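Encoded as structure tokens, the structure appears first; notes follow it.
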Ligand SMILES: [Zn+2]
């Protein structure tokens, strides 16, 4: 390559990296995997070294991304938040050690090896032991103030417990969504007929940047802390000592880190981490290796890249520590080919494209299908039937097609044409304005009918014993049901011919259906499959309106007033009940003997529960909190005992908190309390 070509390539790569930085940091919507991003950046960095004249100061390889967005106050970090050099290669890790050994004059160096958490970096400031601020990394020098959102994070103590309490300390960590919570949120999305979120890191980043604190609290963000920023007076003289201090303060820390000597032990620890990482609560895509001693970190010749001769940083966004390095594990990836692209029809009619793959072993499981998300995604990646593709499983996420191997594309292949009609009922598909999802609008679409009935009978709705997908299919196939109403008209005689010696089965199924006629109102509301209405919203509606008739007649103004209901949800509910076919369905359900039970008047899950309040809550006064508890049927008591069900603790909680811990009484923060109230 000559320098003109190199120049061109560098310009191209810089634009690419800048674009992906923007997508990742600012919009939390990356289009390529971390692995591909790192490769792009590495190619650019190598070229810039090879052709130094064009490697100007402002290259994207010399800076961290920038997550700052509109709507948040900006706060300067007291000590810059730096970024780590990455490697996927053990030889490079050994070079990292060799450089340090040379600078420090000894091979015998102590290191820590910690899990690299796939979350969103955050800096917490505690002043005299009280959490006063949470700030995102931003551009490294200045980030967004997300304190209100961080306060909703469970497991993040508003105060430091134990000694010593520094006058001021910046503690760095990572905000994440657990795999379990990520699944729960996607389950809710599915129940509400909405699209899945693609990965927990992006959802955590998007959530931390929400302006609606209520919404943030409804997603259970978590945090893990590991790093030290500015601190006065000093509290530790090594990374391992600082980790121990974090744990002593009762702050959330990594389940395991390794304190080892020498580079061979570092490599051993990384292998052990790789074995254990799937058991961690957070996603882990690598290991962070740090020189343990703070004195050695500050040694002349170690320090930071981007630091001038006078010891001052030219710009924090160019800083990266020479005493730390991230070793990343390659993603779980496999090559296979696309046998076919099929379209799945959802309960709400959403048409989701799926790649039917030649089965391939990936991270211990056989993968046969991968989601292609939507029509725009297929077009962007240009996935075609017959293409060789790379599939990837990042963390515990459903496999996705990450790239097409265009060089292996068979001759004569054509771009995939997204069907203009429902593959099941052939009705012309429609695309809602501003949405990316195509839908089948036909209310009688057999696939939608099948999925609606499955949903109605499922665990989260009527929970009809023995009425799973297979039986629903069987009943549909024999023409015994056409809608959810028909379930209540089934008879034992109709079922008998379906199975050999099926008397017991038929009797049990009919009894199970009959037993659910008086089920909870919210289960029926949820089971109706109203767009935007998942289990939580169904419970809100049941509590507020207490009958299907009242709900059907509720004006939109009353719906909007429900806590947590936006205009979108209210409008969706209103539109559903305005439709004559749905009104007819309700009449038929009531005629079939459905008599749902409204929630008990004495409040919901809090009836009879005893609360003790302590400390200052972030938004509620004590009086307001007490009123809410009593309105929900609970009681407020002045002192903690074994009969206390919950201690609701805010900032500066005192001895009541210690007593609760001693007695093993659950301690909850305001956000969790509001969730309990529903
Ligand atoms: Zn259809």
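Before moving on, here are some points about what is shown:
- The largest-to-smallest principal axis extents of the Cα set in the range 74-328 are 61, 40, 36 Å.
- Range of Cα positions in the range 343-422 per principal axis (Å), largest first: 36, 35, 19
- Extended-chain gain in nm, criterion 0.36 nm per residue less alpha-carbon gap, residue 19 and residue 78: 18.4 nm
- Cα-based shape type of the range 1-153, given that a ≥ b ≥ c are square roots of the gyration tensor eigenvalues and the cut on a/c is 1.5: oblate
- Mean separation of Cα pairs under 8 Å and 6 or more residues apart, divided by the residue count, gives the chain a relative contact order of 10 percent.
- Here the range 497-551 and the range 318-348 have alpha carbon centers that stand 39 Å from each other.
- Contact order normalised by residue count of the range 67-172, Cα under 8 Å, 6+ apart, percent: 35
- Degrees, to the nearest 10: 535-545 long Cα axis against longest axis of the chain: 50
- The chain - mean residue ellipticity at 222 nm from DSSP helices (-39,500 (n - 2.57) per run, n ≥ 4, rounded to 500): -10000 deg cm²/dmol
- Inter-centroid distance (Cα atoms) of the range 195-229 relative to the range 89-157, Å: 18
- Beta bridges assigned by DSSP with both partners in the chain are antiparallel in approximately 85 percent of cases.
- For the chain, the square roots of the Cα gyration tensor eigenvalues, ordered a ≥ b ≥ c, give a/c of at least 1.5 with a/b no greater than b/c, which places it in the oblate category.
- Cα long-axis angle, helix 239-248 against the chain (0 to 90 degrees, to the nearest 10): 40
- Principal-axis analysis of the Cα atoms of the chain puts helix 503-515 at an angle of about 80° to the longest axis.
- For the range 610-677, the fraction of C-alpha pairs farther apart than 14 angstrom is 51 percent.
- Cα centroids of the range 404-427 and the range 248-262: 50 Å apart.
- Put in line by how crowded their Cβ is, counting other Cβ atoms within 10 Å and starting with the fewest, 25, 12 read 12, 25.
- Computed extension gain for residue 578 through residue 624, at 0.36 nm per residue and net of the alpha carbon distance, reaches 12.9 nm.
- Sorted by Cβ neighbour density within 10 Å, fewest at the top, the residues 181, 624, 470: 470, 624, 181
- Our analysis of the range 117-244 gives Rg over Rh at 1.02, with the two radii drawn from alpha carbon positions and Rh computed by the Kirkwood formula.
- When 322, 271 are arranged by Cβ crowding within 10 Å, least crowded first, meaning fewest neighbours, the order is 271, 322.
Read the figures in this text as sums done on the coordinates, not as results from a lab. For clarity, every value in this text was computed on a predicted model and none was experimentally measured. Positions of Cβ are backbone-derived with ideal geometry, glycine not excepted, and every protein chain shown enters the neighbour counts.
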